[in-house]
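Colleague: Right, I'll just put the structure down here and ask away after.
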Amino acid sequence: MPILKKNILNKIVNLQPAYILLFGFLALIFIGTCLLMIPFATSDRHHLSFIDALFEATSAVCVTGLAVVDTGTTFTLFGQIVLLVLIQVGGWGFMTIGVLMFTILGKKIGLKQRLILHESLNSFSMQGLIKLVRRIIFITLLVEGVAALILTIRWSQEMSVGKAAYYGIFHSISAFNNAGFGLEPDNLSKWVADPIVNIVITSLFIVGGIGFFVIMDVFKKKKIRKFSLHTKIVLFFTLLINIVSTLVIFLLEFHNPATIGELDIAGKWWASYFQGVVTRTAGFNTIDIGGLTLSSQVYMIGLMFIGASPGSTGGGIKITTFVVLLLALWSVLTNKQDVSIFRRRIPSSLIYRALSIALSGIIFIFTIFFLLTITEKDADMSKILFETVSAFATVGLSADFTSELSPMGRILITIMMFIGRVGSLTMAFALAIQSKNQAKVRYAEEKILIG
């Protein structure tokens, strides 16, 4: 029996980093599920079933924000704090927490742990990983703390100081980690035209969505010409997409009474800006998503699929993946041999990786979408697709459909959220392993017809 235990332990220790990440996230979800099922985690009128607790825990760990129950009224203070901890740990990644604990205890971090951390952070190299983790934690706590203070001051004007402070802390952590959980039944809708709430919340999820590497690169190099190519692409295209998205939502929803039609011109711009920039990363909303026009929902589906930046708390295929694919397409259309941007050439290996990540995302989405059309027979197809992409991209927006899901539908969306959080990491690792183990035999080349 001891030998069997030793063999099992050795197999666990020798697992590839991608699988350790996968099992690590599963362990966090399981712990969160158990904690949320404790009676004093929910109010007397509510008790979560296993499926609902699993859904909520997965949504928190995967920093998604989709919810089958109202967070503010269903969960007690204990339950809300559990969600908050799961969101923070999920945003950092469980290996970041592991490194923090090792550092506090004075333990040495070995090569195996560094490999797992490298995959978890999706970093360029293994050099300076421990210092990177410390900076990530410091930046997170600093940004969340400042934002929480500002929100506390703002909300203390309409609620008690204690409640305002709690609201400030909860929404700051939720926003920076791109989770989208809110304490009000209508999320942030009551502050749709409030400049302070709009600016603080959007700043949090934009900064969290561009990634820690970009943040540190900006602070370290300061001048644009010295930025890395990764930083330039993320900042330029994030700004471009945010501006375009604000204008698109403003034009599409201008006369829609169910969303921004009844607001004054300033309110229309604030609502359009918030919903235009939030769609790629976090699940907050200041207008009724279910009331959006079909064209706006379709546009948002595209934004959610693109997602945030690598090494961030956001999901999707990532903006750099999308840009690389666009550049590759442009090179083919203009008959150019190289794919380049900002006077730099993109390696072909990255183009293959981007194509693989995007295609795998499409396959995941199609599979879950297809299965949901079977389990949710009476549901509108557009709502099913919106929910599926939102779960895959760990965005958390819903067209008033999450609570209507059947038990099997909730399980499918739970699986989708998990795939969206760890799927791209696993895919990236598999591609990295494949590139290191090239086949010794190369077969004869032969062309096929394409297109």
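Colleague: If only one of D194, D217 is out of contact with any helix residue (DSSP H, G or I) (no Cβ under 7 Å at 6 or more places or on another chain) and either modelled with pLDDT of 90 or more or within 21 Å of L239 (Cα to Cα) (or both), which one is it?
Modeller: D194 is the lone residue from the list that is out of contact with any helix residue (DSSP H, G or I) (no Cβ under 7 Å at 6 or more places or on another chain) and either modelled with pLDDT of 90 or more or within 21 Å of L239 (Cα to Cα) (or both).
Colleague: Could we say that V146 is open to solvent by 20 Å² or more (accessible area, probe 1.4 Å), touching a helix residue (DSSP H, G or I) at 6+ places or on another chain (Cβ under 9 Å) and at pLDDT 55 or above here?
Modeller: When the stated conditions are applied, V146 passes them.
Colleague: Another question, if that's okay. Tell me the residue from G98, G209, G182 that is modelled with pLDDT under 90 and outside any helix (DSSP H, G or I), please.
Modeller: G182
Colleague: What helices (runs of 4 or more DSSP H) completely inside the stretch 238-347 contain at least 1 residues that are closer than 21 Å to W191 by Cβ?
Modeller: Once the helices (runs of 4 or more DSSP H) in the stretch 238-347 are filtered for at least 1 residues that are closer than 21 Å to W191 by Cβ, what remains is 265-278, 294-306.
Colleague: Is it the case, given these coordinates, that A379 is surrounded by fewer than 21 Cβ atoms within 10 Å (Cβ to Cβ) and in a loop (DSSP other than H, G, I, E, B)?
Modeller: Yes: the conditions hold for A379.
Colleague: Next question, about the same structure. So, in the stretch 212-265, how many residues would count as being β-branched (V, I, T), open to solvent by less than 40 Å² (accessible area, probe 1.4 Å) and within 30 Å of S296 (Cβ to Cβ)?
Modeller: 10
Colleague: Scan I413, I362, I384, I351 and give me the residue that is assigned to a helix (DSSP H, G or I), over 21 Å from I87 (Cβ atoms) and open to solvent by less than 20 Å² (accessible area, probe 1.4 Å).
Modeller: Exactly one of I413, I362, I384, I351 is assigned to a helix (DSSP H, G or I), over 21 Å from I87 (Cβ atoms) and open to solvent by less than 20 Å² (accessible area, probe 1.4 Å), namely I384.
Colleague: Within the stretch 23-32, is even one residue outside any loop (DSSP other than H, G, I, E, B), modelled with pLDDT under 65 and surrounded by 23 or more Cβ atoms within 10 Å (Cβ to Cβ)?
Modeller: no
Colleague: Scan the stretch 54-63 and tell me whether some residue there is of a type in the set (V, I, T), more than 21 Å from G307 (Cα to Cα), open to solvent by less than 30 Å² (accessible area, probe 1.4 Å) and at pLDDT 85 or above.
Modeller: Among the residues of the stretch 54-63, not one is of a type in the set (V, I, T), more than 21 Å from G307 (Cα to Cα), open to solvent by less than 30 Å² (accessible area, probe 1.4 Å) and at pLDDT 85 or above, which makes the answer no.
Colleague: Follow-up question, since we're still on this one. Could you give every pair whose Cβ atoms fall below 8 Å, whose first residue belongs to the stretch 137-159 and is farther than 11 Å from I173 by Cα, and whose second residue is outside any helix (DSSP H, G or I) and of a type in the set (D, E), counting only separations of at least 6 or pairs across chains?
Modeller: R154/D194
Colleague: Taking the stretch 33-53 as the search range and keeping residues that are among the hydroxyl-bearing types (S, T, Y) and open to solvent by 10 Å² or more (accessible area, probe 1.4 Å), which one is farthest from M417 (Cα to Cα)?
Modeller: S43
Colleague: State which residue pairs qualify: first residue touching a residue at least 60 places away in the same chain (Cβ under 8 Å) and inside the stretch 174-187, second residue acidic (D, E) and open to solvent by 10 Å² or more (accessible area, probe 1.4 Å) in any location, beta carbons under 7 Å apart, and separation of 6 or more residues or different chains.
Modeller: If the second residue must be acidic (D, E) and open to solvent by 10 Å² or more (accessible area, probe 1.4 Å), the pairs left are F176/E144; P185/D70.
Colleague: Could you check the stretch 266-282 and list, in sequence order, the residues that are open to solvent by less than 30 Å² (accessible area, probe 1.4 Å) and under 26 Å from the mean Cα position of the chain (by Cα)?
Modeller: A271, S272, F274, Q275, G276, V277, V278, T279, R280, T281, A282, listed by residue number.
Colleague: Residues in the stretch 387-397: is at least one open to solvent by 10 Å² or more (accessible area, probe 1.4 Å) and aliphatic (A, V, I, L, M)?
Modeller: The answer is no, given that none of the residues of the stretch 387-397 is open to solvent by 10 Å² or more (accessible area, probe 1.4 Å) and aliphatic (A, V, I, L, M).
The values are calculated or read from the model by the stated rules, or taken from the named source; none is laboratory data. Quick caveat, the model's predicted, so the values are computed rather than measured. Methodologically, a virtual Cβ is constructed for each residue, glycine included, from the backbone with ideal geometry; neighbour enumeration extends over all protein chains shown. The accessibility values were calculated without ligands, DNA or RNA, using every heavy atom of the protein model including side chains. Shrake-Rupley method; radii C 1.70, N 1.55, O 1.52, S 1.80 Å.
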